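All remarks here apply to the structure that follows.
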Amino acid sequence: MTHDSPELPGPSSASVVIPAHNEQRALDRLLREIAHPVDGGRFEIIVVCNGCTDRSAEVARTHGVLVSELAEPSKNAALERGDQLAHGFPRVYLDADVEISAEDLHRLVAAVTSGGHLASAPARHVPRRGVNPLVRWYYDVWERLPQVSSGLFGRGVVVLAEPGHARIAGLRSAMADDLVLSEAFVEQERVVVPDAVVVVHPPRTVADLLRRRIRVVTGNAQADATGLRSQEARTTLASVLSACRPASPYLLLKVPVFMGMTVVARLCARRVIRAGDFTTWRRDDSSRR
């Protein structure tokens, strides 16, 4: 069962789809930034509240955007519903818990309209304030990995040209949706736009980091089983050392923390993978405080 608010009148430069599950605080912060006209035009914004028990839908409506409500808590279902309601291209997929400006979204749109790319994403900023030191060390290493630097995943924002959108049709059932989406495009077809920046809040505690990483490992296993992840996107000790060694000897001291977190997450994910549970979303709430 769905509940939709009336469609917005007037044209927009692109359609933005935002899946939201109990995101009232983050959603208000995000929409304050993007739900207003700028020189590049105004976006058509669709917020799909899925399985919400808070005021996410009410908050979204105060910003004058199109809101759809789904009873099922499912990001995949929310993305599909958003696509059904969206009218325009490029198509922007945006997580509710990140921070980005309307101006930076327009820069991403320009990269696939005038830049000739099929997909674009912003540079990633992961703030460390208030984060457990072990979690900070994990992200210090993670951000050095080449696939993390060049891939579209882990940014909470991706923009697709219409041909790019057509290419990823049918892949949305994958739990690791942003990784699978990134892997659908060769390096020449996708671009990370350095002048556009998204703030991605990390988990603050080790327990929440592991919860997030278990979800990632589970999604990666699903992608591997269907042949949707390349060898270059995999993390090995050799690739980690190769990425960290040129940076700083101090960064090498953090590698055991990174690898330890990785091993624990993989061990914890085994039971989930054996059960074939690729739908349960293990949410990190500490990053939303």
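Considering only region 34-50, how many residues are out of contact with any strand residue (DSSP E or B) (no Cβ under 7 Å at 6 or more places or on another chain) and either open to solvent by 30 Å² or more (accessible area, probe 1.4 Å) or assigned to a loop (DSSP other than H, G, I, E, B) (or both)?
Residues meeting the conditions: 6.
Mind checking which residues of region 86-96 are in a loop (DSSP other than H, G, I, E, B) and crowded, with 22+ Cβ neighbours inside 10 Å?
P90, A96 - these are the residues of region 86-96 that are in a loop (DSSP other than H, G, I, E, B) and crowded, with 22+ Cβ neighbours inside 10 Å.
How many residues, within region 51-67, are open to solvent by 30 Å² or more (accessible area, probe 1.4 Å) and assigned to a helix (DSSP H, G or I)?
Adding up the residues that qualify gives 2.
Among all residue pairs at least 6 apart or on different chains, which show Cβ distances below 8 Å where the first residue, located in region 182-198, is aromatic (F, W, Y) and the second is buried (at least 22 other Cβ atoms within 10 Å of the Cβ)?
Within 8 Å, the pairs are F185/L118; F185/A119; F185/L152; F185/G164.
Do we find a residue being assigned to a loop (DSSP other than H, G, I, E, B), β-branched (V, I, T) and surrounded by 18 or more Cβ atoms within 10 Å (Cβ to Cβ) anywhere in region 144-162?
Step one: list which residues in region 144-162 are assigned to a loop (DSSP other than H, G, I, E, B), which gives 144-145, 151-156, 161.
If we keep only those that are β-branched (V, I, T) as well, we get none.
So far as region 144-162 goes, no, none of its residues is assigned to a loop (DSSP other than H, G, I, E, B), β-branched (V, I, T) and surrounded by 18 or more Cβ atoms within 10 Å (Cβ to Cβ).
Exactly one of (1) modelled with pLDDT of 80 or more; (2) open to solvent by less than 40 Å² (accessible area, probe 1.4 Å); (3) small (G, A, S); (4) farther than 17 Å from S149 by Cα is unmet by A207. Its number?
Result: A207 passes all but (2).
The values are calculated or read from the model by the stated rules, or taken from the named source; none is laboratory data. Being a predicted model, the structure only gives us computed values, none of them experimental. Note that we place each Cβ from the backbone using ideal geometry, even for glycine, and neighbour counts take in every protein chain shown. SASA here: full protein model, heavy atoms, side chains in, ligands and nucleic acids out. Shrake-Rupley method; radii C 1.70, N 1.55, O 1.52, S 1.80 Å.
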